[in-house]
């Protein structure tokens, strides 16, 4: 039996998530049947050229952890290809400049990946411009500027599963297979949705590393109603994961109790056997 690709798993996961949420009454059931398999000729692909981007943006996009985050977010597979060519450098035969090769199960997943890449490039450029502006300004201080930017159209939903055991993979539970959970929220609401903070794997453009904030879902949109809808879906996801963890812990506790009862029963049987043996010895 042939193993399923990551793209097939992502599509199946998204379909399962839609079915669960439909049963819970959170979304409408799809009017058309969902297909759980992908034929080779149905896989979409695109190229995103990064050779001529500013070096700070290009450096972030070439990092494996950045590509992994974009892949999880969009449900695509992203590969770094080509060669970095400097201006005026002769190009070898059939050698393409540096680019990202994106593969996905549908055009929407490709668009999500490209949108995420463009947002990263834009964010890096804005950070660089702000640094140049604030270097020549005495007022307002950079902290104030960052605070104002962070307040516009952004909501943060804390994951709050720090007490979960290592066996409960919080990051992948939140993302879902192939990033299906966050991609679903974004598709339903139109908001930008990312997992950020400690342990998220999300690389902040301004620092080149994870944020030191607690793990959270970051929801972004300029319209308050869109922001509220996405925030509510994020809360629903967290409630579902809380229940899943609680059920897992209860099952583990029941298993431990059953094991303890079995041990006690075995000890009682051994004690009875020893007592019977002792009585037989005395009778002899």
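The values are calculated or read from the model by the stated rules, or taken from the named source; none is laboratory data. Worth saying up front: this structure is predicted, and the values here are computed from it rather than measured. Backbone-built Cβ (ideal geometry, glycine too); neighbour counts: all protein chains shown.
Of all residues in the stretch 162-197, those satisfying the criterion of being in a loop (DSSP other than H, G, I, E, B) and surrounded by 15 or more Cβ atoms within 10 Å (Cβ to Cβ) are 164, 168, 176, 191, 197. Within the stretch 198-236, the set of residues being at pLDDT 85 or above, touching a helix residue (DSSP H, G or I) at 6+ places or on another chain (Cβ under 7 Å), surrounded by fewer than 18 Cβ atoms within 10 Å (Cβ to Cβ) and under 14 Å from residue 69 (Cα atoms) comprises 199, 201.
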